[in-house]
Structures are given as C-alpha cells and as structure tokens.
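Structure record follows, encoded as structure tokens.
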Amino acid sequence: MNNDWWRFEIWRLIIVGLLIVMTIAATGRPWLSALLWLCVYLAFHLIDMVRFKRWIFEGSRTHQLPDFQGVWEMLASIIVRDRKQILKEKRRQQTILAQFNSTAEALPDATVLLDSSMRVLWMNSVAGDVLGIHFGTDVGQRIDNLIRDPKFHHQIKTRDHRQAVELQHPTDDTRTILIRLIRFAHDRILLIGQDISERKRLQRSRRAFIANASHELKTPLTVISGYLDAISADRTLDQELRPAIEQSQQQSLRMKQIIEDMLSLSRIEHQESGPTKPENVDMDLLIRKVAGDLTDTIEADSHPFKLSLDAGLHCHGSLSDLESLCQNLMGNALKHTPAGTTVEVSWKMSDEGRPQLIVRDDGPGVARKHIPHLTERFYRVHGHQGSSAQGTGLGLAIVKHIVMMHGGELDIQSSQGKGTSFTVSFLAENRLPESESKT
C-alpha cells in the first residue's frame, strides 16, 4: 500500500476547494456552493466507511481488501500490519504451547494447571493415573472437589504452599501420593503430584532393617562391653594388655553410640509431619543444662562456654529433639576443636523476627568445599585437627533432620583458621514469649 495517502487527501481537498470557488463564481451563492461540495466530499468518505466496515466484519483479509485511497488506505494498512503481527504472535504462542504440552506429557509426575480459584485449567495424561482426574470430565472443576483428602483441603485453606503433603491414592490404598502446590504469575497455581509408593516402601524396609540390625547388635555388644569392663577391673591384668583393653572399651562405647544415633536418625527421618508431642520449651534452661552436662564430660577448662541467652524467649517444639539438637551442635564444637577453644552459644530473636540458635567456635574451621557435605551421614573431614574424641559421623545429620522437622533452616559458615558457626533459624510460629509459656 502507498504511504503517500496524505498527499492524495490534500489533493482531494484542493479539488473540492477549487470546485467551491468555481461554483461561487457561477452562482454567486458562497454558502450553498460550499455546502454542496462538502456534502459530496463527505459522501465519498461515507461510501469508503461502509466498504471499510464491511471488510472489517468479513475478517479483514488482505486478499479481500477494497481499493481504498487517502485516510482509509492508511487505516486499512494499519489493520493489515497489526493482523500480520497478531498472527505471527499467535503462531509463536501455539509453538510454545505445543512445546509445553510435549514437555508436560513427558514428565513422570502428574501436572495440573489451576487458576486463582483452584479450578482445573489443564492437566497431563499422568494425572489420570496418579490423581484419578481426567481432562475430558474434570477441566473447570475445583481441585478440592476432585481431591477430597482433609490434609489437602487444609493446605488450600491455609494457602501454605511451602510444604508438600502426602495423600493416599484416591482408588488404591496401597499407593501414596506427594502433592506440591507452586504459585506462579499472579493468578496461576501448578499442582505437581508424585507417586512415592516405592520410596515409602524402601523407607519402611530401611527403617525395619536399621531397627532389627541395631537390636541384634545391641545384645552381643552389651556382652562384649561387660567382659571388657570385668577384664579392665581385674587388678592382676598384665599392664601391657591394659591399653588394648581400654581402646576396646572406647570402641565398644563408640559402637553403642553409633547404634543409638542410627536409631534416632531413623526415627526423625520418618517423622516428617512435625514434632509428635510439641510443647513449650524453655530454651534458656535447656541450653544451660546441656552445657553443664558437656562440661562434666571434658576437662574443667578445656572448652569454656560463653552463653548469651534470652530467658524470655521460649520455643514451641519437641523437648527431646531440641535437646538432641543442642547436644549435637555443642558437642560437635567440643569434639572437633582443640583444647582452649571458646564455644559461644546464643539464643535470641533475629532481625527477621525468627527464634535463632547460634553455636560458634574460634577453632581451626573447615575448608569451604566440605561445608555442603557436613550434614551427610558418616561424612568426615580428613586431616581435621580437633580434639581426640571421635564422633559417630551422624550428629549433624540428626541436627539437619530435627531442624527440618521443626520447619527451620540450618546455615553453616566456616573458614580455615577463623572458626565455625552453626545457625538454626526456626519459623516465627515457633516463637513463644515467656508469659504465654506459663499460661
């Protein structure tokens, strides 16, 4: 189309003006002459407007475009250009949608797209097997009408999308489904449903194995420890054999601690819904008790504790697990630092309003590459120069799962030569003022 539409429109106005002048000269009536030719000019525009309207209503297809000139030519060219851009964008979106559908269909997990009212907009085919919902019948339905588990309804009601929820399969009681809600954009929610039945079976098998193995090991270990204690108490024992007996006693005690830690870790790992018996825990009293117990197990001044505790700040959680948390963090600082290392323990409110436990030492620290692995089972930092005491390698793994069970976060900071800091940040909901704990 010609971009000189305005020139044509100006020439048309000039011609109308000349015709008005000629008619005035012939008739001597200026107003009537001007009105006549302006009406003719408007008539041409009305005709083009009717043609333009008909073209728009018929789909504004390029091959059906009338032969417009002037301003109508300009309007038609804008519409044709915008239509091409819209078609191009539509093809691009269709390509993206096709790629998304292909990707979602390839996922092994159920994927359901929800709107802000929790109505089903789309789902992949796996959703039929995992969640029991189908594209043909359930699109447009509210997801809480399709999945009727009370735990899922509670998650929707509280709008807590941070935690996944485990549900029974709607038609097969032997299967377990893990559902997670992910909010994106401002009015869309993605539901991911994963069949974790096999994982749960493996977890039960592992837990049973650990429990059975630990039980079977305890009996012979108790017998061995008893004989070693009896031999060690024998004053007629050859002095050359006494170091070997003492070392055997130490290793039997270490084996006993490993078994107890394995049982504790197994219990905590399978306690995924939070503390079984939450209570109001006086953390100031608890930390002081743990510090006293640990001080009694080491030489008097080998590791001085420096406590900074908010006595008015209590925590809502499991007393036994929180005690285990403090014992492992504080004991870890003693076991893996040389004598004379100061251990600072603080219990306070963070700037974000979250209860926070910090255990910091000024020991040798560990290299940055080891930090992501410190909470792994039996992970050891080779060549680490700490105290002579040996740990089980499970303490920090227990700490990690206790923190997760209470909905908190564990942050480890360390650098060689500058010490190590363990920071546990609980949820704000775990905070409990002292006044409330006494009611």
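The values are calculated or read from the model by the stated rules, or taken from the named source; none is laboratory data. Computed from a predicted structure; not experimentally measured. Neighbour counts are summed over all protein chains in view; Cβ atoms, including those assigned to glycine, are modelled from backbone coordinates with ideal geometry.
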- Which listed residue, of L107, L114, L97, is within 18 Å of A185 (Cβ to Cβ) and exposed (fewer than 14 other Cβ atoms within 10 Å of the Cβ): L97
- Does Q239 satisfy the condition of being over 34 Å from the mean Cα position of the chain (by Cα), more than 30 Å from S318 (Cβ to Cβ) and in a helix (DSSP H, G or I)? no
- Only one of I412, I398 is of a type in the set (V, I, T), at pLDDT 80 or above and out of contact with any Phe, Trp or Tyr (no Cβ under 9 Å at 6 or more places or on another chain), namely I398
- Could you please let me know if T375 is within 24 Å of M255 (Cβ to Cβ), surrounded by 13 or more Cβ atoms within 10 Å (Cβ to Cβ) and modelled with pLDDT under 85? no
- Query: Between a first residue in the range 37-63 that is among the aliphatic types (A, V, I, L, M) and a second residue that is surrounded by 14 or more Cβ atoms within 10 Å (Cβ to Cβ), which pairs have beta carbons less than 9 Å apart while being 6 or more apart in sequence or on different chains?
  - Reply: L38/V16; L38/I20; V40/V16; V40/L19; M49/W72; I56/I79
- Please give the number of the condition D195 fails out of (1) of a type in the set (D, E); (2) touching a strand residue (DSSP E or B) at 6+ places or on another chain (Cβ under 9 Å); (3) farther than 19 Å from A127 by Cβ. (3)
- What residue, of Q69, Q64, is touching an Asp or Glu at 6+ places or on another chain (Cβ under 7 Å) and either assigned by TED's automatic domain parsing to the domain that holds E9 or among the small types (G, A, S) (or both)? Q64
- Item | Flag for G132 being at positive phi and modelled with pLDDT of 85 or more | yes
- Task: Check the range 51-58 and report whether any residue there is modelled with pLDDT under 80 and over 30 Å from G136 (Cα atoms).
- Result: yes
- Note on the structure: Taking the range 178-233 and keeping residues of a type in the set (S, T, N, Q) and more than 23 Å from the chain's Cα centre (by Cα) leaves S205, N212, S214, T219, T222, S225, S232
